[in-house]
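A short write-up of the structure that comes next.
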Amino acid sequence: MDFNMKKLASDAGIFFTRAVQFTEEKFGQAEKTELDAHFENLLARADSTKNWTERILRQTEVLLQPNPSARVEEFLYEKLDRKVPSRVTNGELLAQYMAEAASELGPTTPYGKTLIKVSEAEKRLGAAERDFIHTASLSFLTPLRNFLEGDWKTISKERRLLQNRRLDLDACKARLKKAKAAEAKATCEGDTVPDFQETRPRNYILSASASALWNDEVDKAEQELRVAQTEFDRQAEVTRLLLEGISSTHVNHLRCLHEFVKSQTTYYAQCYRHMLDLQKQLGRFPGTFVGTSEPASPPLSSTSPTTTAATMSVAPTVPGLAPPGEAALCLEEVPPPASGTRKARVLYDYEAADSSELALLADELITVYSLPGMDPDWLIGERGNKKGKVPVTYLELLS
């Protein structure tokens, strides 16, 4: 018990000394040991990295889970080391409602059939979103969170320790400075030899004794200063090494950022393919209303029977030139324009829905052109002797 009380008293004395030194520095009454410029730059870069990592982390969480209540719930589960319960995405919930609506309103009606098709697409979108959230959390959020909860806590701890070591060092410097000043004063007073006939020798003896005491105090302060300087230098080196490790953190976060972009690209590409497939399926349904930019009647300049047949839309629900039964014949009979053909590179694989369309392979080059009155979302593509409609969104026009 006595040992613990002594340690407590010692810790209280150290804390009081640091508090006094810190307060005097704030009021400009004490000198402060300044760190070198390189060290200060490392500290500033570390603080910026921590602050921006926190902001990016929080906003990415908002992007992946816009519902604040759900984010709070997930945070509590993580803090309690419990597994986060599976949660349906908004797309999956919408798919469920549409499927239930189709079942009740009639799955064989045009509206019911369309609801079923759209619900299937929404379910696939929801599943893609779930995969994206999972992948982004593992490859991007987890490394950022590990930095804040691991490396940054270590850096903060060592910085606080360095601050304490600096306060101890400056307190020792101040103590040595005061001891030297007192020693010099006592020495000056003791150098005057007293007149034993007019004064008592007691004053001279006291001055000599005080000079010796302050000399011991100076030696003790110098010893404490050497110890404090050694501890400060050692802690500064440890902190510097940790701060220089921020460069490795940047490299790691850069790699994670590439992974995040990759997962986001995959997610949006999946969504795009699912919606294109849904649009094609809806276009084949009789009685389905699909928006089209085709004119109601052929242009006045289209006088030839072949061009008129190619530009008139008999079935407005299918984008293109003519009904599936006549499309192949019309495309073969319609010659390409004398000018206006372009080269295009295929971005994604495309499977032809019927004989009027041209199947595509990624990265191949084809010749494309448009005809008057044609749906702007489609072009005529040629590859050798094969000809057919191709979607514009799958192409990159080159020339």
For this session: Please list, in chain and number order, the residues 5+ apart from Gly388 or on another chain whose amide H is under 5 Å from its amide H, with Hs placed from the backbone.
Result: Gly381
Problem set entry | For Asp375, distant residues with modelled amide H under 5 Å away | Gly320
For this session: Once you've got the Cα coordinates, tell me which of Lys50/Lys220; Lys83/Lys153; Lys123/Lys389; Lys83/Lys280 are over 32 Å apart.
Result: Lys50/Lys220; Lys83/Lys280
Seminar exercise, completed: Here the net charge surrounding Arg130, from other residues whose Cβ is less than 11 Å away from its Cβ (Lys, Arg +1; Asp, Glu -1), is 0
For this session: Tell me which residues come under 5 Å, amide H to amide H, from Ala359 once H is placed; ignore anything under 5 positions away on its chain.
Result: Ala352
For this session: Could you tell me whether the range 83-141 comes out rounded, prolate or oblate from its Cα gyration tensor? Rule is a ≥ b ≥ c as square roots of the eigenvalues, rounded for a/c under 1.5, then prolate if a/b exceeds b/c, otherwise oblate.
Result: prolate
Seminar exercise, completed: Diffing the range 232-238: the Karplus 3J(HN,Hα) column from phi (6.51, -1.76, 1.60, θ = phi - 60°), in whole Hz with x for Gly and Pro, holds 5, 4, 5, 5, 5, 5, 4
For this session: Convert each backbone phi in the range 146-156 into a coupling constant with the Karplus relation 6.51 cos²θ - 1.76 cosθ + 1.60 (shift: θ = phi - 60°), then list the ³J(HN,Hα) values in order as whole Hz, x for Gly and Pro.
Result: 5, 5, 5, 8, x, 4, 5, 5, 5, 4, 4
Seminar exercise, completed: Taking Lys and Arg as +1 and Asp and Glu as -1, residues besides Trp52 with C-beta under 12 Å from its C-beta add up to +2
Exercise. What figure in square angstrom, to the nearest 10, would you give for the accessible area of His274 with a 1.4 Å probe?
Worked result: 40 Å²
Exercise. Can you pull the accessible area of Arg175 for me, 1.4 Å probe, Å² to the nearest 10?
Worked result: 90 Å²
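The values are calculated or read from the model by the stated rules, or taken from the named source; none is laboratory data. Keep in mind it's a predicted model, so treat the numbers as computed, not measured. Quick reminder, even Gly has a Cβ in these numbers, built from the backbone with ideal geometry, and neighbours come from all protein chains shown. We work out accessible area using only protein heavy atoms, side chains counted, and drop any ligands, DNA or RNA first. Shrake-Rupley method; radii C 1.70, N 1.55, O 1.52, S 1.80 Å.
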